Each structure stands twice: as C-alpha cells, then as structure tokens.
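The block underneath contains the structure these notes are about, expressed in structure tokens.
The values are calculated or read from the model by the stated rules, or taken from the named source; none is laboratory data. All values reported here derive from a predicted model rather than from experimental measurement. So basically every Cβ, Gly included, is an ideal-geometry build from the backbone, and we count neighbours across all protein chains shown.
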Amino acid sequence: MTVRRGESIAFVQQQKIITGESSMAMTRKKVPESRKPVVPGGGGTPKQDRHFVTALARGLDVLSCFRSSDKLLGNQDIAKRCGLPKSTVSRLTYTLTRLGYLHYSEEVGKYRLGMATLALGSRLAHVIEPGLYMALSGDLGSGKTTLTRGLLRALGYRGKVKSPTYTLVELYNLSKLDLYHFDFYRFNDPQEWHDAGFRDYFEPRNVCLVEWPERALDLPPVPDLRISLRVEGEGRRVRIAAETEHGKRCLERLPD
C-alpha cells in the first residue's frame, strides 16, 4: 500500500489504522470540484466580484484562526481572534461547515477543522453496499459526523448533514440505497429501541451508520465495520476493524 506524506497506514489482523493529516496539511490539499466555490465572472458585476473576494478573504481569516493547540473553537472565540463581528463569523462558520472545511460538534456547540476526515468518508463510500452496518466511536469533536458528511457527499447527497442527536435517527434516501444515520449520545432508555422499531432498520436493503453505539449497549447487532476516531496532535487517528465476513470484504476493497 502506498504511504503518503502526512499519512501512515498499517494492516493488523483485518484492521486498518490511519493517521490523519495535520490541520495545516489539510488546508493545502486540492479541493474537489464539487466543493469549489463558483467564482463570479463573465456575467458578474464588479460589485459581485468585490463581495466574493471579501467573503473569500474572511473565510480564510476564519480558517487561519485554528491553531495546532486548538481542539475546538466557538464563534465567540473565532470573532475575538479575527476581529470580525460574531454575527459575521456565525454566517461564515455555517457556510464553511456546509462546504466541509469545518466540523461542527453539536454536543458542545464548537468547530474544528476536518478535511482529512471528510476524505476518509469519501473513500468509505467506495465500499458501501446494502446491508452494511458501521459503528462510529470517539470522543466529542473527534469527527464522527464529519466522516459521515464526507461519505454522504461522495454518495451524491447535497443537502445538510447533521448529527441526529435529538431525533436519534436520520434517513437519507440515495439513488442506490437507504442510509440510516443514528446518534445514541442521548440514548438512555432501552425501551425506546423496541418502541421505535430500530432493529427493523438493520436489514439487508439498508446501510446503517451509528454514532455512540456503546450508549445502546448490546441492543444493535454486531457491526460489520467498527470505526474508532481519536484526536492526536494536529490530526486524528482512525482505526477501522472488520468484525464480520461482510466487513472484511469491504475493508479489503477500501481504496488507498
């Protein structure tokens, strides 16, 4: 397997361990065509061009506020660092999150950079197939929802992707499959699992992706892929373990 600069990959008993690129390296990577902003030109007026350049400069100011020692920053923290009004920063962080340059942790209401995790989600999209169940574990802000966002973007979904912290599950109807995104962070009543019929969602025609599966104890079935994320230095360390034969086949096809 090719080992890229800023990324190391190792195989251990049907497991892949991936060290994510640093935040500084992530900001220099080429942006996929689907996430590139549309640059005014041709029919654009000088005023529109100025507005675009101003927004671009402010977006870069926001991204440059994140330092290697920062785990998470709120809008107020960013506003203090870049000298912009908090209302302006709120609009910018919202847009940057929609584009995938920032990851928003709903549990703590703050942001972190997340490009390498998005890229991993895109790679996982190549092995997604009906019947797959992936369990995502990691601390708050470790990138679970960002990985999900990258996966859904690669599968063609262009709407807003947020962690279903309060609703517990969100359904995404895609062209080739239905993906159920669970978040059990606030799950505390096993009876709710039975009343909501969650077990019925784990069937061969669906893909299920579960954040905080440990909160649901042993109620969900054994995952095909167990993905653990951990903040490490300026990046993240991701461990992907196959726990079923289905998971092993998918892991073997995961692109470099």
**Asked** Taking region 197-247, which residues are under 21 Å from HIS103 (Cβ atoms) and either outside the structural domain of GLY131 (by TED's automatic domain parsing) or among the polar types (S, T, N, Q) (or both)?
**Response** SER228
**Request:** Could you tell me which of the residues LEU113, LEU60 is touching a helix residue (DSSP H, G or I) at 6+ places or on another chain (Cβ under 8 Å) and either buried (at least 16 other Cβ atoms within 10 Å of the Cβ) or outside the structural domain of ARG237 (by TED's automatic domain parsing) (or both)?
**Result:** LEU113
**Request:** Could you tell me whether region 141-148 includes any residue that is under 22 Å from PRO213 (Cβ atoms), surrounded by fewer than 20 Cβ atoms within 10 Å (Cβ to Cβ) and in contact (Cβ under 8 Å) with a residue 24 or more places away in the chain?
**Result:** no
